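Undergrad: I'd like to ask some things about the structure below.
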Amino acid sequence: MILAMKAGVRRFSAAILLPAGILMLSAAGAAGKNSPTPAEPLPEAKAKIIRLIEEKRIPSLSLAVVMDGKIIWEEAFGLADVDHKVTAAPSTLYPIASATKPITATALMILVERGLVDLDQPANSYLAGPKLRAYDGDASGATVRRILHHTSGLPMYWGFSFAGSSRARPPLETTLERYGRLMFKPGEVHHYSNLGYAVLESIIERVSGKSYPEFLAEEVFRPLSMRETAVFTAPPEGRPAAVKYSVTRAAVPFCDHDTRGAGAIYATARDLALFMSLHLGRQREGQPAILKPESIAAMQQARDPDVRSSSYAFGWETGSRYGYSILTHGGVMDGCRAHMALIPSEGLGAAVLINGENVRSIEVCDWIFAALLPEYARNFKTAPPGDGPPPPPPPFRPVAALVGSWQGLIQTFEGDIPVRLVVETDGRIELARLGPEGALEKAFTPLKAPAVSRGFLVIHFPQLFSTPDATASDHRTVLRMRIHPNRLSGEANTIASDESYFLPSFIVLERIKPETP
């Protein structure tokens, strides 16, 4: 999720690059197939990081690298607070955004081990307040397991309440009442959903009898000695926290949101190294294993068997990178970037935290792994470059199955809006709202070329409709509809121009048969 906060910001001059922190290198390598040599392997990675910060004018970056349960490198560069010239340090807190999700999944698995949560039960079995409902499919198929996998059918959602703004954080119960509705059949598609991890947050609270911040503090952070990490529901006053900065070098205010289980944690890179040690199965001496090995294995290997295209396990994105099986999770919000990346076969993990935007945090992990693993380095150096702007999309040429007229409803939590969509052979598209008795009202054309991707038709329109939650002065509507025979269904998303909210409604359209002359 990306925000572009435009109001209530402070400008700052160019940051001065100030490395700070501790460099620790262990001569003992990993037990895997490419152990590093005893000579210090990281000067090249460090030089690249320093150059990156200078070229991209990033305020600061903090990192920690763990191998075989030992932190072998932790260091911070730049300024955590540019206005007050506060140097970043390994103890500086950063927002980790969606890198919160593996931690939420870990907390849930503690309750699974205790027999208090069954992964294959419907999530509704554990919700005290509003239950999940379904526009498409059956809500009973939205199991806890599928919510962990992002295959439950829940939509994308976010809503941010910035300090000093008039947008108040709604209770999670209100959000679930309005947006906790399945827009795809459970087990049909992988669809990343912050709302799903807010459901897990609610389950943790209901089952444990403790608030989400309290449960994580007592059952995850404290046992793992993650001393600085916390769920922040208010600005971290009196704590060494980095100020977030936008790509235009404007300070971004603290924000709270109603899906805390998806992205509300602040952490230090060192604390994340301790968390990764748990998931690498190589804890430090004296560090308890808060999960059994089989639970950790399940978190890394489980898939939804009904969604073959998904590589998302329990809170971890899984796959292969430069010749190694890898676990990752990134975090992207306005003013910050975060990444955890783990190579279990080598007992190796890297955490990278940034209080800026103009950089891919996973790239820093690549430099670190390439400095430690010769095979990773060889594959990384010979891979085609991934930087640069993406190529322009090809002109939209609809397949025959899309050409024609479609009619149906946009269903919001307030009520239904009749609409008609026309797709021409040459790629022109028009969507019209319908009045009484089907009369055409205002018509809209796309803001940019539509696209078909992985069986979905995606169209960006100007503002088609609004709800009381859409408080920005300007927003757009993005349709993301799954293509079925003679039917289109999916999301009609209201997105603020400053991207402070992303509010899903449901759209379903049926093909209109041509009239017989």
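Undergrad: Of the residues that sit in segment 403-454 and are under 29 Å from the mean Cα position of the chain (by Cα) and polar (S, T, N, Q), which one is surrounded by the most Cβ atoms within 10 Å (Cβ to Cβ)?
TA: Checked segment 403-454; the qualifying residue surrounded by the most Cβ atoms within 10 Å (Cβ to Cβ) is 412.
Undergrad: In addition: Among helices (runs of 4 or more DSSP H) lying entirely in segment 226-326, which contain 2 or more residues that are closer than 30 Å to residue 83 by Cα and not acidic (Asp, Glu)?
TA: Values: elements: 260-263, 269-280, 293-301.
Those helices (runs of 4 or more DSSP H) span 260-263, 269-280.
Undergrad: Follow-up question, since we're still on this one. Is it true that some residue in segment 500-513 is in a loop (DSSP other than H, G, I, E, B) and more than 21 Å from residue 420 (Cβ to Cβ)? Before you say what the answer is, go through the steps one by one.
TA: First, pick out the residues of segment 500-513 that are in a loop (DSSP other than H, G, I, E, B): 500, 512-513.
If we keep only those that are more than 21 Å from residue 420 (Cβ to Cβ) as well, we get 500.
Within segment 500-513, one or more residues are in a loop (DSSP other than H, G, I, E, B) and more than 21 Å from residue 420 (Cβ to Cβ).
Results for (1) aromatic (Phe, Trp, Tyr); (2) part of a loop (DSSP other than H, G, I, E, B); (3) without any contact (Cβ under 8 Å) to a residue 40 or more places away in the chain; (4) more than 24 Å from residue 136 (Cβ to Cβ), shown as yes or no for each residue.
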{"residue": "384", "(1), (2), (3), (4)": "no, yes, yes, yes"}
{"residue": "390", "(1), (2), (3), (4)": "no, yes, yes, yes"}
{"residue": "400", "(1), (2), (3), (4)": "no, yes, yes, yes"}
{"residue": "408", "(1), (2), (3), (4)": "no, no, no, no"}
{"residue": "419", "(1), (2), (3), (4)": "no, no, no, no"}
{"residue": "427", "(1), (2), (3), (4)": "no, yes, yes, yes"}
{"residue": "461", "(1), (2), (3), (4)": "yes, no, yes, no"}
{"residue": "464", "(1), (2), (3), (4)": "no, yes, no, no"}
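Undergrad: Another question, then. Can you tell me which residue is modelled with the lowest pLDDT among those in segment 435-481 that are farther than 22 Å from residue 413 by Cβ and of a type in the set (Gly, Ala, Ser)?
TA: That would be 438.
Undergrad: In segment 171-201, which residues are in contact with an Asp or Glu (Cβ under 8 Å, 6 or more places away or on another chain) and either farther than 20 Å from residue 256 by Cα or small (Gly, Ala, Ser) (or both)?
TA: Matches in segment 171-201: 182, 183, 184, 185, 186, 187, 188, 190, 198.
Undergrad: Is one or more of the residues making up segment 332-355 surrounded by fewer than 16 Cβ atoms within 10 Å (Cβ to Cβ) and part of a strand (DSSP E or B)?
TA: No, there is no match, as no residue in segment 332-355 is surrounded by fewer than 16 Cβ atoms within 10 Å (Cβ to Cβ) and part of a strand (DSSP E or B).
Undergrad: Moving to a separate point now. Any residue that is buried (at least 20 other Cβ atoms within 10 Å of the Cβ), under 29 Å from residue 166 (Cβ atoms) and among the aromatic types (Phe, Trp, Tyr) - is there at least one of those in segment 493-503?
TA: Yes, some residue in segment 493-503 is buried (at least 20 other Cβ atoms within 10 Å of the Cβ), under 29 Å from residue 166 (Cβ atoms) and among the aromatic types (Phe, Trp, Tyr).
Undergrad: Could you tell me whether residue 498 is touching a residue at least 40 places away in the same chain (Cβ under 8 Å) and more than 23 Å from residue 397 (Cβ to Cβ)?
TA: Numbers: touching a residue at least 40 places away in the same chain (Cβ under 8 Å): yes; more than 23 Å from residue 397 (Cβ to Cβ): yes.
Considered against the rule, which asks whether it is touching a residue at least 40 places away in the same chain (Cβ under 8 Å) and more than 23 Å from residue 397 (Cβ to Cβ), residue 498 comes out as yes.
Undergrad: Ok, one more. Starting from segment 36-59, take each residue that is farther than 29 Å from residue 335 by Cβ and list its partners that are at pLDDT 90 or above and among the hydroxyl-bearing types (Ser, Thr, Tyr), counting only C-beta distances under 6 angstrom and pairs at least six apart or across chains.
TA: Between residues of segment 36-59 that are farther than 29 Å from residue 335 by Cβ and residues that are at pLDDT 90 or above and among the hydroxyl-bearing types (Ser, Thr, Tyr), there is no close pair.
Undergrad: Here is a further query. Out of the residues in segment 281-317 that are within 24 Å of residue 62 (Cα to Cα) and modelled with pLDDT of 95 or more, which is surrounded by the most Cβ atoms within 10 Å (Cβ to Cβ)?
TA: For segment 281-317, the residue satisfying everything is 315.
Undergrad: May I ask you to list the residues in segment 225-251 that are at pLDDT below 95, crowded, with 17+ Cβ neighbours inside 10 Å and in contact with a Ser or Thr (Cβ under 8 Å, 6 or more places away or on another chain)?
TA: Scanning segment 225-251 gives no hits.
Undergrad: Out of all the residues in segment 455-477, is one or more more than 30 Å from residue 162 (Cβ to Cβ), crowded, with 16+ Cβ neighbours inside 10 Å and touching a Phe, Trp or Tyr at 6+ places or on another chain (Cβ under 8 Å)?
TA: So the first thing to find is which residues in segment 455-477 are more than 30 Å from residue 162 (Cβ to Cβ), and the list is 455-457.
Adding the requirement that they be crowded, with 16+ Cβ neighbours inside 10 Å leaves 456-457.
If we keep only those that are touching a Phe, Trp or Tyr at 6+ places or on another chain (Cβ under 8 Å) too, we end up with none.
Taking every residue of segment 455-477 in turn, none turns out to be more than 30 Å from residue 162 (Cβ to Cβ), crowded, with 16+ Cβ neighbours inside 10 Å and touching a Phe, Trp or Tyr at 6+ places or on another chain (Cβ under 8 Å).
Undergrad: Based on what the data block shows, is residue 153 in a loop (DSSP other than H, G, I, E, B), within 17 Å of the chain's Cα centre (by Cα), among the small types (Gly, Ala, Ser) and on the phi > 0 side of the Ramachandran plot? Let's see the steps before the verdict.
TA: Values: in a loop (DSSP other than H, G, I, E, B): yes; within 17 Å of the chain's Cα centre (by Cα): yes; among the small types (Gly, Ala, Ser): yes; on the phi > 0 side of the Ramachandran plot: yes.
So residue 153 passes the test.
Undergrad: Does any residue in segment 170-181 that is in contact (Cβ under 8 Å) with a residue 24 or more places away in the chain come within less than 6 Å, Cβ to Cβ, of a residue that is charged (D, E, K, R) six or more places away or on a different chain, and which pairs are these?
TA: Pairs that qualify, where the first residue is in contact (Cβ under 8 Å) with a residue 24 or more places away in the chain and the partner is charged (D, E, K, R), are 170/258; 172/258; 175/258; 181/133.
The values are calculated or read from the model by the stated rules, or taken from the named source; none is laboratory data. From a predicted model like this one, the values you see are computed outputs, not experimental measurements. Don't worry about glycine lacking a Cβ; one is built from the backbone with ideal geometry, like all the others, and counts go over all protein chains shown.
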